[in-house]
Amino acid sequence: MDWSILLSVIAVNLLLSGDNALAIAMASQGLKPKHQKTILLLGSLGAVLMQILLTYTASILLDIPYLKIVGGVVLTGVAVRLLISDEAALTQPIENLDLLPTILKIMIANTIMSLDNVLAVAAITEGNPLLLGIGLLISFPVIIGGSSIIAGILDRFPFIMWIGALFLGWTSGGIIASDAFIAQYLDLYDVNHADIAALFAIIVVAIGLVLGKNKAAASNGNENKEQGCD
């Protein structure tokens, strides 16, 4: 076994699995502790299963044109939705709580973010099944353990949610910039890929601020109408 390749696989998985853990933790915010544990567990297991599936179909994924562009745009939308999620709706009793939409958001976000993990590891290992398997084994504890740790931090410091959204926006921009179709034009006009990542990070936060402000205004308007009726 080439130990340098193995070390590269370990490093890539440790770095790239962090964003998956962050998305799971952000999606679980606002839930009661018992519900949060369910989301963290199911979201983590779903992310792991998607990584397994994507890892062994990496060669097919490489042939799908514009896949990263679509994935990056979808992830941008997911990041905004996580940022403006209705906390009041998430804290209602379990019998009235539908966890499926939250789990689906986690699955979508992690499927998209796993593209970079999978394609990077597949390129490093050149399809070696043993090294691919080791890469997957490394990502499991990072995703499962990392999401629980990050969720605890977000519970104590809710403002970090905005930093998380900024990072997810950066990730989505990076995914789009790395698409072969986009990358050729960025290189042609000497545009730094990091600039595109930064742009999408700003877009996510800006949309979150605008939608959050509109949502708060609408909520205040409804409260005033109810008080007027009383």
Matching residues in region 11-59 - criterion: being at pLDDT below 70 and assigned to a helix (DSSP H, G or I) | 11, 12, 13, 14, 15, 16, 58, 59
Give me the pairs, please: first residue somewhere in region 44-56 and closer than 11 Å to residue 140 by Cα, second residue anywhere and modelled with pLDDT of 75 or more and of a type in the set (Ser, Thr, Tyr), beta-carbon distance under 6 Å, and either six or more positions apart or on two chains.
-> 44/147
Residue 65 versus (1) at pLDDT below 70; (2) assigned to a loop (DSSP other than H, G, I, E, B): which is the lone unmet condition?
-> (1)
Has region 131-142 got any residue that is modelled with pLDDT under 80, within 17 Å of the chain's Cα centre (by Cα) and buried (at least 20 other Cβ atoms within 10 Å of the Cβ)?
-> yes
Working only within region 154-202, note down all residues that are closer than 25 Å to residue 82 by Cα, of a type in the set (Gly, Ala, Ser) and surrounded by 14 or more Cβ atoms within 10 Å (Cβ to Cβ).
-> 164, 165, 169, 172, 173, 174, 177, 178, 197, 198, 201
Residue check, residue 138 against (1) assigned to a helix (DSSP H, G or I); (2) closer than 20 Å to residue 82 by Cα; (3) in contact (Cβ under 8 Å) with a residue 24 or more places away in the chain, all met but one. Which one?
-> (2)
Within region 177-204, residues at pLDDT below 90 and assigned to a helix (DSSP H, G or I) come out as 180
Can you pull out the residues in region 157-183 that are polar (S, T, N, Q) and more than 11 Å from the chain's Cα centre (by Cα)?
-> 178
For residue 163, state whether it is more than 30 Å from residue 33 (Cβ to Cβ) and either of a type in the set (Val, Ile, Thr) or touching a Pro at 6+ places or on another chain (Cβ under 8 Å) (or both).
-> no
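The values are calculated or read from the model by the stated rules, or taken from the named source; none is laboratory data. Since this is a predicted model, take the numbers as computed values, not measurements. Every residue, glycine as well, gets a Cβ built from its backbone with ideal geometry; the counts of neighbours run over all protein chains shown.
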